[in-house]
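Please read the structure below before turning to the comments.
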Amino acid sequence: MNPDLNRLQPYPFEKLRQLFADLAPPGDKSPIALSIGEPRHPSPKFVIRTLADNLDKLANYPLTRGIPELRRGIASWLTQRFQLQGVDAEQQVLPVNGTREALFAFAQAVVSRCPEALVLSPNPFYQIYEGAALLAGARPVFINCLEENGFLPDFASISAAQWQQCQLLFLCSPGNPTGAVLPMEQLQQLIRLAREHDFIIAADECYSEIYFDESAPPPGLLQACAAMGNDDYRNCVVFHSLSKRSNLPGLRSGFVAGDADVLARFLQYRTYHGCAMPPHHQLASVAAWADESHVVQNRLRYREKFAAVMEILAGHLEVNMPDAGFYLWPQTPVAETEFARQLFAGEHVTVLPGSFLAREARGINPGANRVRMALVAELSQCVEAAERIVHRLGKL
């Protein structure tokens with residue numbers, strides 16, 4: 001067996017299961033899960049119809065690089081959304097089966113195994129980043145995201161030697177779980193560092209379409225490149241998905257875009273890996289990327305939930321509105337694991353302890369005394385969950 005498998009930690013939800021193993025929730029209260037970031041708004045009906053109308057395409061093997069219509073649709077969406085001069089659909093776009101598998105596979109393709117190889121990521125983080133680094137033979141380095149830095153990674157804590165050893169930098173903006181958005185200036189500073197030290201930036205932008213001001217969408221890495229006059233996006237790739245944007249997590253549809261040279265090698269890797277998206281999923285994805293009206297309605301629903309929940313929690317829990325995304329990242333009045341246990345045992349509400357999403361770095365775990373709350377359920381459930389949380393806070 002690959003010895004690096006022994007270096008993987010249990011997934012956060014396995015840790016949560018163990019945390020609750022000796023507890024029994026109250027039987028008179030229905031369960032409300034704020035722990036998992038699984039969108040629960042209805043999937044667009046027109047996407048479902050497109051899937052159903054193309055089941056006959058199952059008789060064909062799909063191409064790993066995807067059908068031209070999908071690559072062109074993605075390129076068009078990217079160009080409009082991020083104010084780009086253009087994206088080469090043939091060379092700069094690659095469809096993937098959701099960004100989770102793509103983020104993991106990407107590290108396996110681009111990291112050159114050597115004792116000095118570093119993969120940098122924010123802390124707290126999406127655990128795929130760590131697992132991808134370990135199984136690629138690299139050492140993960142975690143960059144703390146603390147309140148005093150606006151929950152953005154403290155890039156100043158990385159030494160010149162670490163930048164030189166870095167082969168891959170994972171970014172997540174808007175952040176999971178903090179909701180913090182990297183500003184354009186900081187993205188451009190990182191691009192300059194990537195070119196100076198010759199590492200690749202992999203920007204996980206899966207939450208980019210959930211934000212609260214229609215006039216101020218979060219900037220993206222390719223947008224930062226273009227603003228610097230670099231339309232080749234050298235050393236830069238972005239990962240996007242229909243899971244959060246279009247409430248289609250089960251479709252497993254996303255894409256990677258950016259540096260054509262990097263994507264050419266990644267395509268070669270994926271051809272051997274066998275990661276082609278099913279044909280009917282590709283056609284459904286074409287339809288989804290071409291429509292923005294359902295995305296606007298999706299954002300409206302999240303705004304309503306955040307407004308209602310924040311009003312209820314105000315004065316009871318230390319919590320701020322995120323820049324974007326669908327998570328709250330409140331500070332807890334007791335240890336985050338005890339807070340989660342009490343909510344589950346007393347209110348049948350499940351939240352995820354922040355320490356499960358982070359690692360100790362520079363002597364601290366930045367998830368300590370925080371929990372992640374995903375406002376993915378319907379408005380009424382989110383409101384009830386907030387009311388139950390306030391009720392439990394009164395008993396602490």
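Does L51 count as in contact (Cβ under 8 Å) with a residue 12 or more places away in the chain, over 22 Å from R370 (Cβ atoms), touching a His at 6+ places or on another chain (Cβ under 8 Å) and of a type in the set (A, V, I, L, M, F, W, C)?
yes
Provide a single number: the residues in segment 84-124 that are in contact with a Pro (Cβ under 9 Å, 6 or more places away or on another chain) and within 27 Å of A226 (Cβ to Cβ).
Keep residues of segment 84-124 that are in contact with a Pro (Cβ under 9 Å, 6 or more places away or on another chain), which gives 89-90, 97-98, 118-124.
Then keep just the ones that are within 27 Å of A226 (Cβ to Cβ); that gives 89-90, 98, 119-122.
Counting residues in segment 84-124 that are in contact with a Pro (Cβ under 9 Å, 6 or more places away or on another chain) and within 27 Å of A226 (Cβ to Cβ) gives 7.
Which of the residues belonging to segment 254-307 are within 21 Å of the chain's Cα centre (by Cα), without any contact (Cβ under 8 Å) to a residue 24 or more places away in the chain and over 27 Å from T64 (Cα atoms)?
Once the filter is applied, which keeps residues that are within 21 Å of the chain's Cα centre (by Cα), without any contact (Cβ under 8 Å) to a residue 24 or more places away in the chain and over 27 Å from T64 (Cα atoms), segment 254-307 yields Q297, L300.
Yes or no, residue by residue, for (1) assigned to a helix (DSSP H, G or I); (2) within 24 Å of A216 (Cβ to Cβ); (3) out of contact with any Ser or Thr (no Cβ under 7 Å at 6 or more places or on another chain):
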{"site": "A288", "(1), (2), (3)": "yes, yes, no"}
{"site": "D291", "(1), (2), (3)": "no, yes, yes"}
{"site": "V295", "(1), (2), (3)": "yes, yes, no"}
{"site": "N298", "(1), (2), (3)": "yes, yes, yes"}
{"site": "F306", "(1), (2), (3)": "yes, yes, yes"}
{"site": "I312", "(1), (2), (3)": "yes, no, yes"}
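Looking at segment 360-375 only, could you name the residues that are open to solvent by less than 20 Å² (accessible area, probe 1.4 Å) and either touching a His at 6+ places or on another chain (Cβ under 8 Å) or of a type outside the set (V, I, T) (or both)? Give the derivation first.
Keep residues of segment 360-375 that are open to solvent by less than 20 Å² (accessible area, probe 1.4 Å), which gives 361, 366-367, 371-375.
Passing the criteria: A361, P366, G367, R372, M373, A374, L375.
Kindly provide the set of residues from segment 363-396 that are within 27 Å of N123 (Cβ to Cβ) and β-branched (V, I, T), ordered by number.
I364, V371, V376, I389
Could you please give the count of residues in segment 51-63 that are at pLDDT 95 or above and either of a type in the set (G, A, S) or under 23 Å from R299 (Cα atoms) (or both)?
Qualifying residue count, segment 51-63: 1.
Being closer than 25 Å to C382 by Cβ and basic (K, R) is the filter here, so list the residues in segment 1-42 that pass it. Don't jump to the end; show me each part of the working.
Filtering segment 1-42 for residues closer than 25 Å to C382 by Cβ gives 11-13, 15-17, 19-20, 23-42.
Once the filter is applied, which keeps residues that are closer than 25 Å to C382 by Cβ and basic (K, R), segment 1-42 yields K15, R17, K29, R40.
At least 2 residues that are more than 22 Å from R81 (Cβ to Cβ) in each: list the strands (runs of 3 or more DSSP E) lying fully within segment 104-213 that qualify. Full working, then the answer.
Details: elements: 118-123, 139-144, 166-172, 200-204.
The strands (runs of 3 or more DSSP E) meeting that bar are 118-123, 139-144, 166-172.
Please pick out the residue among T79, T64 that is touching a Cys at 6+ places or on another chain (Cβ under 7 Å) and either within 26 Å of L263 (Cα to Cα) or in the same structural domain as R265 (by the TED database) (or both). Lay out the reasoning, then the answer.
Details: T79 fails: touching a Cys at 6+ places or on another chain (Cβ under 7 Å).
Only one candidate passes the filter, namely T64.
Being under 23 Å from the mean Cα position of the chain (by Cα) and either open to solvent by 20 Å² or more (accessible area, probe 1.4 Å) or without any contact (Cβ under 8 Å) to a residue 24 or more places away in the chain (or both) is the filter; apply it to segment 317-331 and report the residue that is nearest to E209 (Cα to Cα).
Applying the first criterion (under 23 Å from the mean Cα position of the chain (by Cα)) to segment 317-331 yields 319-331.
Okay, now just the ones that are also either open to solvent by 20 Å² or more (accessible area, probe 1.4 Å) or without any contact (Cβ under 8 Å) to a residue 24 or more places away in the chain (or both), so 319-321, 323, 331.
Numbers: V319: 22, N320: 20, M321: 16, D323: 12, Q331: 26 Å.
Going through the qualifying residues, I end up with D323.
Scan (1) without any contact (Cβ under 8 Å) to a residue 60 or more places away in the chain; (2) open to solvent by less than 40 Å² (accessible area, probe 1.4 Å); (3) over 20 Å from the mean Cα position of the chain (by Cα); (4) within 20 Å of E101 (Cα to Cα) for the single condition A203 breaks and write down its number.
(3)
A quick yes/no check of all residues on (1) open to solvent by less than 10 Å² (accessible area, probe 1.4 Å); (2) at pLDDT 95 or above; (3) in contact with a strand residue (DSSP E or B) (Cβ under 9 Å, 6 or more places away or on another chain):
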position: A287; (1), (2), (3): no, yes, no
position: P333; (1), (2), (3): no, yes, yes
position: A345; (1), (2), (3): no, yes, no
position: V351; (1), (2), (3): yes, yes, yes
position: R388; (1), (2), (3): no, yes, yes
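The values are calculated or read from the model by the stated rules, or taken from the named source; none is laboratory data. Quick caveat: nothing in here was measured; it's all calculated off a predicted structure. Backbone-built Cβ (ideal geometry, glycine too); neighbour counts: all protein chains shown. We work out accessible area using only protein heavy atoms, side chains counted, and drop any ligands, DNA or RNA first. Shrake-Rupley method; radii C 1.70, N 1.55, O 1.52, S 1.80 Å.
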